[in-house]
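To start, the structure itself, in structure tokens.
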Amino acid sequence: QTVVTQEPSLTVSPGGTVTLTCASSTGAVTSGYYPNWFQQKPGQAPRALIYSTSNKHSWTPARFSGSLLGGKAALTLSGVQPEDEAEYYCLLYYGGAQPFWVFGGGTKLTVL
Amino acid sequence: QITLKESGPTLVKPTQTLTLTCTFSEFSLSTSGVGVGWIRQPPGKALEWLALIYWDDDKRYSPSLKRRLTITKDTFKDQVVLIMTNMDPVDTATYYCARTEAYSSSLLWDYWGQGILVTVSS
């Protein structure tokens, strides 16, 4: 079974920088996994932030950026705002004969 | 603007079949590269990807749930239907539909519905 692993929780101070990562049980995450990142606040549907590793949607704040880091997909928040406190999920694509997608377990980001 | 909305029963009994409909607007499932997928989230737990159908009727399923899932589309009605058989209390979750698109060298997920909470209980 394919497992995607994220940090369960992270804490960052307002104005600080934090990096969330997303690892695959199958090995190093590359651009071919087309990492997507989502933000979810309590009681709300997820909101898309990043697609295909590092591309931002038109509504994505500039302080969010995506990359590949040490064999993982990464989401970096620079200049964190209190409203960034949320759960963050990555989504990875697994190609092959019968492609599918897998979500990570989510990272609860606390701004304190 | 693009919207998606899930509809269907909010309570089903164990062993029953669940049928959910995603009705969307401001995009078409006849456009090359466009797809609609389903994702669920049990209360207090993580998101789980379930299934996806593309404009050309290509379908993708979660390997762990493949035997229980069927996804279909009605391009004229702008709807996508997810059928899940043999429902169990562990399938209690909020079910979301979302738009996806494959273009150039990108695969993206962008717009989501508000979700529908489905409870499985006798």
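The values are calculated or read from the model by the stated rules, or taken from the named source; none is laboratory data. Bear in mind that the values here come from a model prediction, so they are computed numbers and not experimental data. Backbone-built Cβ (ideal geometry, glycine too); neighbour counts: all protein chains shown. When the accessible area is computed, the model is the full protein with side chains, heavy atoms only, and any ligands, DNA or RNA have been set aside. Shrake-Rupley method; radii C 1.70, N 1.55, O 1.52, S 1.80 Å.
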### Task
Taking the Cα centre of the protein assembly as shown as origin, sum charge times position over the Cβ atoms of Lys and Arg (+1) and Asp and Glu (-1), and report the length of that vector in debye to the nearest 20.
300
### Task
Enumerate the amide H contacts of B:THR92 below 5 Å, restricted to partners 5 or more residues apart or on another chain; note that Pro and chain-start residues carry no placed amide H.
B:VAL120
### Query
If you plug each phi of region A:86-98 into the Karplus form 6.51 cos²θ - 1.76 cosθ + 1.60 with θ = phi - 60°, what whole-Hz ³J(HN,Hα) values come out, in order, with x for Gly and Pro?
4, 9, 10, 10, 9, 9, 10, 9, 10, x, x, 5, 10
#### Entry: Residue among A:THR5, B:MET87, A:LEU20 farthest towards the positive dipole end of the protein assembly as shown, charges placed on Cβ
B:MET87
### Summary
In debye to the nearest 20, the charge dipole size for chain B, taken about the Cα centre with +1 at each Lys and Arg Cβ and -1 at each Asp and Glu Cβ, equals 400
### Query
With respect to the cross-link table entries A:LYS56/B:LYS5; A:LYS72/A:LYS108; A:LYS72/B:LYS5; B:LYS5/B:LYS59, which display a Cα-Cα separation exceeding 28 Å?
A:LYS72/B:LYS5
### Query
Among residues other than B:TRP109 whose Cβ falls under 10 Å from its Cβ, what is the net charge (Lys/Arg +1, Asp/Glu -1)?
-1
### Task
Starting from the Cα of A:GLN1, step 7 Å along the direction of its Cβ; do the same at B:LYS59; then give the gap between the two resulting points in nm.
2.4
### Query
What whole number of Å gives the distance from the Cα centroid of region A:32-95 to the Cα centroid of region B:27-64?
19
### Query
Nearest 20 debye, what's the magnitude of the dipole of chain A about its Cα centre given +1 on Lys and Arg Cβ and -1 on Asp and Glu Cβ?
160
### Message
Rounded to the nearest 100 Å², what is the buried accessible area between A and B, both sides summed, probe 1.4 Å?
### Response
1900
### Summary
Pseudo-spin-label distance A:THR17 to B:THR19, built 7 Å along Cα→Cβ, given in nm, is 5.4
